[in-house]
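Before any comments, here is the structure.
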Amino acid sequence: MWGLLFVLALLGLGSTSFTDDEQNRRPTSLHLLSDDFPNALCLDGSPGAFYFTPSAPTSPSSDTWVIFFEGGGWCFSDSDCSTRATDKSFLSLGSTAALPSFKNHNPRYQQSIYSPPLAQNCDANPAFCEANHVYLVYCDGNSFSGGRLAVDGAGETLHYKGKFILDAALETLLGLGMESATEVLVSGDSAGGLATLLHADQIGSKLAASAPSLTKFRALPISGYFPPLDSVEGAPVFSAQMKSAFETHNASAGVQVSCLDGKSDAEKWQCNTSPEALRAIKTPLLLLQSAYDAWSTSCIYTLNSEGVCGGASGWGLPCVGDASPLGSILNIYGPSFLCSPSQVAHLNEWRSTFLSSLRETGVYDRNGSGAFIHTCHTHTAENLPNAQWIQVGGVKMKDAVTEWWRANVDEGFRDFGGEVCEWDEKFPHQCNPTCIIT
């Protein structure tokens with residue numbers, strides 16, 4: 001995930017005309033969850049955390065809040081999660097021990113400054129630029145869903161307590177003014193996009209009881225739809241990984257109860273996946289997603305039986321990412337023109353199966369919801385400066401977010417772009433000319 005920072009430098013896009021202004025406009029501080037919440041712990045036992053950028057008191061958006069779940073994949077087993085827990089760097093996905101106090105010192109937060117919903121530049125983010133911004137730090141390994149007691153894994157005491165981190169963060173934020181909120185957007189990208197699907201209803205219920213002035217509540221999952229489809233080799237590897245994550249983290253404590261109630265014990269792990277979470281969620285939402293999501297094409301579709309991203313025979317670099325440092329970059333930003341015609345044919349099959357899976361959830365039948373599905377070979381594209389250029393059906397991503405947010409909730413489903421185009425097997429493959437380089 002952090003390879004994105006290198007991508008920005010490589011493309012010369014790491015700074016834009018509004019970046020420096022954003023970093024200095026409103027103060028952002030780190031909040032470590034207090035001892036009042038003894039179970040709100042990261043994998044290594046350090047306290048959960050969030051960054052908070054309050055709105056200006058005189059802003060018309062002072063009662064609008066954005067709650068954003070950080071992403072960063074998942075850890076699927078005790079040994080896998082122990083690797084995260086032992087990383088004590090400021091980039092750790094299992095510890096807050098070394099987090100910088102301010103967002104402008106944290107490249108993890110910096111990735112989210114270009115586009116909705118966290119950009120403070122109002123040209124990039126018309127609907128939410130002046131809102132209260134909350135960035136929930138990801139350190140639990142399973143999309144804020146774990147509820148397991150501490151265990152010993154690979155010599156390290158592990159804490160699978162993502163659900164408690166979320167609960168504690170919400171209580172803390174109410175004390176910081178969220179109890180006066182009139183409008184709230186829940187969002188997140190990658191594993192944070194899945195967290196958005198899993199927890200938006202819970203957050204909405206909490207606010208309905210605690211924020212009496214609340215009139216609008218919606219969700220914006222970004223690159224968060226990960227269907228547990230078979231790999232290109234026909235193996236259900238990603239399904240097995242998510243099942244293991246569900247069991248390792250005791251995620252039955254944190255996923256949607258309405259989903260669990262409809263599943264047998266052998267099926268309950270499915271409630272930890274995007275399709276089932278999307279079926280269960282009631283909150284109006286807008287999906288921002290690529291049908292050729294770069295992480296999914298590498299780490300779901302072309303992973304091998306050992307779970308190595310891009311490790312399937314005939315895959316990996318340069319078409320999709322793999323386990324190498326360069327491969328981790330291509331899991332985020334992979335130029336489609338580097339794929340062979342036969343690989344494009346397979347990725348078009350992924351697109352078709354992906355879109356069928358999405359439609360089978362019933363989301364396209366919901367009033368107040370919508371979808372912005374593009375074909376750029378990216379992951380979390382909203383974090384890239386060129387997100388401002390991506391269009392479907394002649395509509396820019398930022399404008400789709402604004403139009404959907406400002407529409408009435410009883411209006412029909414907004415399918416921005418309609419039919420999703422298919423890559424051409426002829427070079428350079430990409431069917432959407434606004435997908436710069438990808």
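The values are calculated or read from the model by the stated rules, or taken from the named source; none is laboratory data. The shown structure was predicted, so the numbers you read here are calculated from the model rather than taken from an experiment. Reconstructed Cβ throughout: ideal geometry from the backbone, glycine too, with neighbour counts over all protein chains shown.
Residues checked against (1) among the aliphatic types (A, V, I, L, M); (2) touching a residue at least 40 places away in the same chain (Cβ under 8 Å); (3) under 20 Å from G147 (Cα atoms):
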site	(1), (2), (3)
V186	yes, yes, no
S190	no, yes, no
L194	yes, yes, yes
A219	yes, yes, no
G224	no, yes, no
V237	yes, yes, no
E247	no, no, yes
V257	yes, no, yes
* Do you know which residues across segment 343-370 are in contact (Cβ under 8 Å) with a residue 60 or more places away in the chain, within 22 Å of I437 (Cα to Cα) and either among the polar types (S, T, N, Q) or touching an Asp or Glu at 6+ places or on another chain (Cβ under 8 Å) (or both)? -> V344, A345, N348, R351
* To do: Scan (1) part of a helix (DSSP H, G or I); (2) surrounded by fewer than 24 Cβ atoms within 10 Å (Cβ to Cβ) for the single condition G307 breaks and write down its number.
  => (1)
* Give just the number: which of (1) touching a Cys at 6+ places or on another chain (Cβ under 8 Å); (2) assigned to a loop (DSSP other than H, G, I, E, B) does E419 not satisfy? => (1)
* Failed criterion for L207 (all others in (1) of a type in the set (A, V, I, L, M); (2) part of a helix (DSSP H, G or I); (3) under 23 Å from T83 (Cα atoms) hold) -> (3)
* To do: For segment 196-215, enumerate the residues that are without any contact (Cβ under 8 Å) to a residue 40 or more places away in the chain and of a type in the set (D, E, K, R).
  => K206
* To do: Could you check, for segment 429-437, whether at least one of its residues is out of contact with any Gly (no Cβ under 8 Å at 6 or more places or on another chain), outside any loop (DSSP other than H, G, I, E, B) and of a type in the set (A, V, I, L, M)?
  => no
* Structure fact -> Within segment 34-79, of all residues that are among the hydrophobic types (A, V, I, L, M, F, W, C), in a loop (DSSP other than H, G, I, E, B) and modelled with pLDDT of 95 or more, the one surrounded by the most Cβ atoms within 10 Å (Cβ to Cβ) is L43
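Table: residues versus (1) modelled with pLDDT under 95; (2) crowded, with 18+ Cβ neighbours inside 10 Å; (3) under 19 Å from G321 (Cβ atoms); (4) touching a Ser or Thr at 6+ places or on another chain (Cβ under 6 Å).
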| site | (1), (2), (3), (4) |
| --- | --- |
| H346 | no, yes, yes, no |
| T353 | no, no, no, no |
| R359 | no, no, no, no |
| Y364 | no, no, no, no |
| G368 | no, yes, no, no |
| I373 | no, yes, no, no |
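Quick grid of which residues meet (1) of a type in the set (A, V, I, L, M); (2) at pLDDT 95 or above; (3) in a loop (DSSP other than H, G, I, E, B); (4) under 23 Å from A85 (Cα atoms):
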site	(1), (2), (3), (4)
F6	no, no, no, no
A9	yes, no, no, no
L13	yes, no, yes, no
T16	no, no, yes, no
L30	yes, no, no, yes
* Out of the residues in segment 356-376 that are of a type outside the set (S, T, N, Q) and in a helix (DSSP H, G or I), which is farthest from the chain's Cα centre (by Cα)? -> D365
* **Test: residue in segment 252-266 that is in a loop (DSSP other than H, G, I, E, B), buried (at least 24 other Cβ atoms within 10 Å of the Cβ), among the hydroxyl-bearing types (S, T, Y) and at pLDDT 95 or above** => no
* Asked: Can you list the strands (runs of 3 or more DSSP E) found entirely within segment 115-196 that contain at least 3 residues being within 17 Å of F217 (Cα to Cα) and within 21 Å of the chain's Cα centre (by Cα)?
  -> 132-136, 183-189
* All positions within segment 377-400 that are surrounded by 24 or more Cβ atoms within 10 Å (Cβ to Cβ) and part of a loop (DSSP other than H, G, I, E, B) -> H377, H379, T380, L384, I390
* Residue in segment 121-136 that is surrounded by the fewest Cβ atoms within 10 Å (Cβ to Cβ), counting only those that are farther than 19 Å from L197 by Cβ, aliphatic (A, V, I, L, M) and touching a helix residue (DSSP H, G or I) at 6+ places or on another chain (Cβ under 9 Å) -> A124
* Structure fact -> P318: passes all of (1) in contact with a helix residue (DSSP H, G or I) (Cβ under 8 Å, 6 or more places away or on another chain); (2) touching a residue at least 40 places away in the same chain (Cβ under 8 Å) but (2)
* To do: Can you confirm whether segment 298-321 contains a residue that is within 21 Å of the chain's Cα centre (by Cα), polar (S, T, N, Q) and closer than 19 Å to T196 by Cα?
  => no
* From S369, S356, residue being within 24 Å of F226 (Cα to Cα) and out of contact with any Leu (no Cβ under 9 Å at 6 or more places or on another chain) -> S356
